[in-house]
Each structure stands twice: as C-alpha cells, then as structure tokens.
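Notes for the one structure printed next.
The values are calculated or read from the model by the stated rules, or taken from the named source; none is laboratory data. Model, not experiment: these values are computed from the prediction. Because the Cβ atoms are built from the backbone with ideal geometry, glycine has one as well, and the counts that use them run over all protein chains shown.
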Amino acid sequence: MSDRFALLSVSDKSGLVEFAAGLVRMGFTLLSTGGTAEALRSSGLPFTAVSEHTGSPEIMGGRVKTLHPRVHGGLLGRRGIDDVVAAENGIRFIDVVAVNLYPFEATVARGAPDHEVIENIDIGGPSMVRSAAKNHERVHVVVDPADYPAVLAALAGDDPALRRGLAAKAFRHTACYDAIIAGWFGNEPGEPFPSETAIPLRRAQRLRYGENPHQAAAFYSTPLEHGRALGRAVQLQGKELSFNNFGDLEGALRVAFDLTGPGAVIIKHANPCGAAVHPDGLGAAYTLALSADPVSAYGGILAFNGPVTAAVAEIVLASKVFFEVIAAPGFDEDARALFARRVNLRLMELPADWRDSASPGRDARRVHGGWLVQDWDEGQPGEWTAPVGVASAEALAALQFAWAVCRNVKSNAIVLACAEGGGWVLNGVGAGQMSRVDSVRLAVSKATRPVAGSVLASDAFFPFTDGVQLAIESGVSAIVQPGGSIRDEEVLAVARDAGVPMLLTGARHFRH
C-alpha cells in the first residue's frame, strides 16, 4: 500500500474519475465512501472503503461514517511531528481531500419536506474540509472540481500558495454552507435581529467595473432568496453590466412596480427622470414617461411593469433614445428580435411573479467596519388624512402616483406630477438636496410641463413653510406629505389660506 492517501467524498461527480485516475497514476491510495465509491468502482479504479480504513462500519443510516480518529487524525496529523502518535493509533496521513457537500440548497429549492432537508445537512463533509484546510501546509483540500487539474499539477512538486488558496476557498465554502443552513432555520422567536448572524453570498458575475472605471466590482446573489431578487433576472443580450447599472436597475424596478396600472420608468443616476402610467398600455406609458425629461433619459435605465410586446419595442426603438438597460417581466419573441438590433443594449428579463413578490431578506448597507441592516421600505404604512381641503378624484389619483414615485427618490425628495392624455406623468424631480425648499426649487425648474395644476409629493415633512409657499406660488394645486413637524399647523395654515388641498400620509420615506 502506498504511503500517500487521498480521500474522495463528493456529491458533485463532475471531473471525479479523471481526477481519481490521475491520483492513482501518481501512486495514491484512494479512500472513498457512498456514491463516490460506486462511481470509482464503476470506472474500474482501485479504492479502499473508509469503513475498511477505519475499521468501523457506517452507522445510523450513514449519518456517522467519516467522524473517526483515523480520518481526522490523518487529516490533521503533521509528518515529522505526529508520526509516533499516528503509528500508535494506526493512523495514516492523508495528503489530498476532495469533498463537496450534501446538496442542502438544492433540496430546499425543490420544496422538500423538513425531514429530508435536515438529512441533507452535511456534518462529516464540512468537518473533513475544515480539518484539511487547517492543515493546509501539508494537505491539499479541494471543494471545487474546477481545481482538480491545478492540484494534480501541484502534486508533482510543491506549491504552498496553491495550498493556502485552496484552504481559503474551503473555509469560505463551509462558511457559506453554514450560513445558508442558518438562514433556512430563521431567527429565534421574538428576535428579528439576532445577536449573531451570517449572510451567505455567492458571486453571480464579475462586473465591468465599480462606480468608476478604476474600481473593480462583482455582483453577489444570496442563495435561496426568491421574490424580487436581482439574481433571478436573466440577461438576454448585451455586454456585462456595471456596478452602477445594477444600482440603477434596482431603483427602476422599485418605482415601476410601485405604480398602479401599465407603467414605465426611466432612471438616471439612481433617481427617476421619467415615469408614467397609462391605461392604453406600456407603449403609451413609455411615450409619456420619456416626455417628462427626454434629455436626462439618454443613457438611463428603462423598466416596464408588464411584459413587453413587439409593438412596445417598436415605440421604444422609434424614439431613438439610447438606454443602457431595458428590464421587464417578459419579452415576446418579436420584441427580442427587434431589440437584438442594438447589440450593446442589455435586455434583462424578470421572473413573471415579480409584481406579486416581496423583496427577500433585509436591506443592508456597508459602512466602514460594519453593516447597517433594516427592513425593506415596502408597502403603504400609515393612513392618509385630509386636514386641509378636499382633493378632486383626478388630483387624488395624481397624488397617489406622485407618492409612489417620490418614495423611491433620494432624499430630500420632491416630485411633481400631473394628468395627461388619460394617464399620469412625472413633471419634475428635486432629489438629494440638503434643504427641502431647494428640492422644491429644483423640481419646479425641471418641470417639462406647466407647474400650474401639477400636484406635489414630499417624502418627509416640511420643517418650515418656505417650501410650501414656493410650491403654491409656482402653481401647485395639491400636496401630499407625511406630516409630523412641530410646525405642521403653520404649514397647513399656508395651504389652507391658499385653498390648496394638503394630505398627510402619516409615514415618511427617506431614501439616503
């Protein structure tokens, strides 16, 4: 028997036989168990069963088979240091470990019952991986079949950097695996924000660059998250997305699917520059949305809240506006063929259930040295009241449209909107200003239609009367805002004196 041992126990059999054959040619004795042993046997490769190597049978329905000193001693033992102890206990040092884990994630994804999911929590596999990774100065640990060729090449010599890299990959692999399991179990009762947590992330794709070309970037998805998860979107055509593309895409979808009725949204630098709904469908909504700010639309992100047909695609293409990304919950074959003419256009297809889904997990933001975690800002908290005036049915519908857009604009946020041609359209946005009156001033200056008769939505209360006075002087006919300022009565009095209805939502929507 060779003095070099390799332990193989994999659920993913891709590349296994070629890797094992290479090890045999190099004089390794293979140790294996379960389905991996069957694959080796079918290929005619010699191996020793782990139960034979340990002298202990698999027990408890296979739950216990590799948790044995002759396995973990072989993985953790150090040649030249632990030789005497190893010999006394019949332990043979193991130089290579190839393990990938029970398919817990796939079992959950196919809706298996809890008892089956529990049985797919791997215990022995992660234990072997961690033991081998800890002893990476002496052991090659492989959790990814893509690394088999590099390991075979390295075994002919010595490559400490490769072993350390494999160990790092192994620990990340088991950490992600454990985090997925922890997420499936959920939080302890009564504690929505546990004292300790782990978030599993899997790189979905490398990005062209970050916020700026000198910054490298990647997009990571969260395993097992469904609903409005960007990792579920499918890119149908176009070059790779950038960091900013993903950020703007997320913003566009937030607005589009907050709108009631056939809607289109154009996002530029994380804020909507065009948004509209129209009962005649997505084509009419797009035309109206584009008219809100056709200059800013160039190079933006376009999102629809319904499936795109060839007729809609023709309207978009006829407008001759360059969009970085177009997203929708479905494109028919003719629409895809039309958009294919623009080879640089990224076409993102959302799952059909996007509208009826919620955002998974929680909202999180990286800060230096930590994370800020909060619930997603979704739904319609609070209850609208009308302490000043009575808005007409048309004004109320416009206010509801403006509010849906405003809650997705960077604070301080002011949105103007108006009725047009049977639909509702954005008519000026003031975003990200340090004072609310400046946001009002900016929204008025960006209006592409008369401000007179437009309605106004504010994402938070007016701390002073100046913003309301400016809006009324500019011709705003109705206002919706959360209320809650110590000067609410003064603000309401300004609206009352001007005969302008003012509604209060009771809930603010800061978006910093």
*asked:* Suppose we keep only residues that are touching a Gly at 6+ places or on another chain (Cβ under 6 Å) and among the hydroxyl-bearing types (S, T, Y) within the stretch 469-512. Which one would you say is surrounded by the most Cβ atoms within 10 Å (Cβ to Cβ)?
replied: T505
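Give the number of residues within the stretch 61-103 that are modelled with pLDDT under 80 and among the aliphatic types (A, V, I, L, M). Let's see the steps before the verdict.
Quick first cut of the stretch 61-103, residues modelled with pLDDT under 80 only: 61-67, 83, 86.
Keeping just the survivors that are among the aliphatic types (A, V, I, L, M) gives 64, 67, 86.
Going through the stretch 61-103 one residue at a time, the tally reaches 3.
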*Name every residue in the stretch 262-293 that is touching a residue at least 60 places away in the same chain (Cβ under 8 Å) and part of a loop (DSSP other than H, G, I, E, B), in order of residue number.*
A270, H278, P279, D280, A292, D293
*Inside the stretch 96-121, can you point out the residues that are more than 26 Å from the chain's Cα centre (by Cα) and surrounded by 18 or more Cβ atoms within 10 Å (Cβ to Cβ)?*
V96, V97, A98, V99
*asked:* Step by step: first the residues of the stretch 110-124, then only those that are in a helix (DSSP H, G or I) and at pLDDT 90 or above, then the one that is nearest to L155 (Cα to Cα). Which residue is that?
replied: E119
*Where in the stretch 43-105 are there helices (runs of 4 or more DSSP H), lying wholly inside it, with at least 2 residues that are within 20 Å of F171 (Cβ to Cβ) and of a type in the set (A, V, I, L, M, F, W, C)?*
69-76
_Any residue at all in the stretch 252-261 that's crowded, with 21+ Cβ neighbours inside 10 Å, part of a helix (DSSP H, G or I), modelled with pLDDT under 95 and basic (K, R)?_
yes
*Looking only at the stretch 299-321, count how many residues are over 26 Å from the mean Cα position of the chain (by Cα) and either assigned to a helix (DSSP H, G or I) or more than 22 Å from R355 (Cβ to Cβ) (or both).*
12
*Any idea which of (1) modelled with pLDDT of 90 or more; (2) touching a His at 6+ places or on another chain (Cβ under 9 Å) is the one H53 doesn't satisfy?*
(1)
_Residue within the stretch 453-472 that is over 17 Å from S291 (Cα atoms) and in contact with an Asp or Glu (Cβ under 6 Å, 6 or more places away or on another chain) present_ = yes
*Just checking, which of A391, A364, A358 is at pLDDT below 90 and out of contact with any strand residue (DSSP E or B) (no Cβ under 9 Å at 6 or more places or on another chain)?*
A358
*Answer residue from the stretch 177-198, given it is surrounded by 11 or more Cβ atoms within 10 Å (Cβ to Cβ) and of a type in the set (S, T, Y) and is farthest from L372 (Cα to Cα) among those*: Y177
*Taking only the stretch 259-296 into account, find how many residues are under 25 Å from R228 (Cβ atoms) and touching a Lys or Arg at 6+ places or on another chain (Cβ under 7 Å).*
2
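State the number of residues belonging to the stretch 24-35 that are surrounded by fewer than 19 Cβ atoms within 10 Å (Cβ to Cβ) and within 40 Å of the chain's Cα centre (by Cα).
First, pick out the residues of the stretch 24-35 that are surrounded by fewer than 19 Cβ atoms within 10 Å (Cβ to Cβ): 24-27, 34-35.
Retained after the next criterion (residues that are within 40 Å of the chain's Cα centre (by Cα)): 34-35.
Summing the residues that are surrounded by fewer than 19 Cβ atoms within 10 Å (Cβ to Cβ) and within 40 Å of the chain's Cα centre (by Cα) in the stretch 24-35 gives 2.
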*List pairs: first in the stretch 100-112 and free of Cβ contacts under 8 Å to residues at least 60 places away in the same chain, second in a loop (DSSP other than H, G, I, E, B) and surrounded by 15 or more Cβ atoms within 10 Å (Cβ to Cβ), Cβ under 8 Å, 6+ apart or cross-chain?*
T107/N120; A112/N120
_Qualifying positions in the stretch 56-83 - exposed (fewer than 14 other Cβ atoms within 10 Å of the Cβ), farther than 12 Å from G34 by Cα and within 40 Å of the chain's Cα centre (by Cα)_ = M60
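Residues are listed down the side, and each one gets a yes or a no for (1) modelled with pLDDT of 95 or more; (2) more than 20 Å from V295 (Cα to Cα); (3) in contact with a His (Cβ under 9 Å, 6 or more places away or on another chain); (4) not assigned by TED's automatic domain parsing to the domain that holds K268:
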site: T309; (1), (2), (3), (4): yes, yes, no, no
site: V312; (1), (2), (3), (4): yes, yes, no, no
site: I315; (1), (2), (3), (4): yes, no, no, no
site: R341; (1), (2), (3), (4): no, yes, no, no
*Can you give me the number of residues within the stretch 267-290 that are charged (D, E, K, R) and under 24 Å from the mean Cα position of the chain (by Cα)?*
1
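What about G453, is it surrounded by fewer than 17 Cβ atoms within 10 Å (Cβ to Cβ), touching a strand residue (DSSP E or B) at 6+ places or on another chain (Cβ under 9 Å) and closer than 30 Å to V373 by Cα?
Working: surrounded by fewer than 17 Cβ atoms within 10 Å (Cβ to Cβ): yes; touching a strand residue (DSSP E or B) at 6+ places or on another chain (Cβ under 9 Å): yes; closer than 30 Å to V373 by Cα: no.
Considered against the rule, which asks whether it is surrounded by fewer than 17 Cβ atoms within 10 Å (Cβ to Cβ), touching a strand residue (DSSP E or B) at 6+ places or on another chain (Cβ under 9 Å) and closer than 30 Å to V373 by Cα, G453 comes out as no.
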*Would you call E38 touching a helix residue (DSSP H, G or I) at 6+ places or on another chain (Cβ under 6 Å), surrounded by fewer than 19 Cβ atoms within 10 Å (Cβ to Cβ), assigned by TED's automatic domain parsing to the domain that holds V129 and farther than 23 Å from L155 by Cα?*
no
*Scan (1) of a type in the set (A, V, I, L, M); (2) surrounded by 15 or more Cβ atoms within 10 Å (Cβ to Cβ); (3) within 24 Å of I121 (Cα to Cα) for the single condition L155 breaks and write down its number.*
(3)
